[in-house]
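Derivation of every value follows stated rules applied to the coordinates shown; laboratory data play no part. Bear in mind that the values here come from a model prediction, so they are computed numbers and not experimental data.
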Amino acid sequence: MKSNNLPFSVTLKDLAVLRASDVDLSTVLEAQEPSSNTESLERSREFIKEARATLKIANSESVEKQGARIEEVRTLGDGLLVALENPDEATPHS
């Protein structure tokens, strides 16, 4: 079985991004008893995969777009609530 080694440059980039993000790995990883190198390697690969996915989401504009949509809906909801609580003020006076 051929192993898929991560390129060193990609690993360094991931570590630099984690360092710049002030991620404390000790709070992310739970304490575990020592296991075989294969299991440790698999856990490391899974962690790197999840960290990359998390950083990709955090650095994408989709989070900001969703936040803007939520704020827009919240503003509409607040306006609707005011209109329901004060129906006389919500209707335009002619």
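Between LEU41 and SER21, what is 0.36 nm times their sequence separation minus the Cα-Cα distance? Round to one decimal in nm. Walk me through the numbers before you get to the answer.
On the way: separation 20, 0.36 × 20 = 7.20 nm, distance 2.33 nm.
Stretched fully, the LEU41-SER21 segment lengthens by 4.9 nm.
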What aspartates and glutamates sit close enough to LYS56 to cross-link, taking a C-alpha to C-alpha distance under 20 Å and skipping anything fewer than 8 places away on the same chain?
-> ASP14, ASP22, ASP24, GLU46, GLU64
Read phi for every residue in segment 54-70 and hand back ³J(HN,Hα) as whole Hz from Karplus 6.51 cos²θ - 1.76 cosθ + 1.60, θ = phi - 60°, with x for Gly and Pro.
-> 5, 5, 5, 5, 5, 8, 8, 7, 5, 5, 5, 5, 5, x, 5, 5, 5
Under Karplus coefficients 6.51, -1.76 and 1.60, residue-wise ³J(HN,Hα) of segment 72-81 in Hz, glycine/proline x | 5, 5, 4, 5, 4, x, 5, x, 5, 4
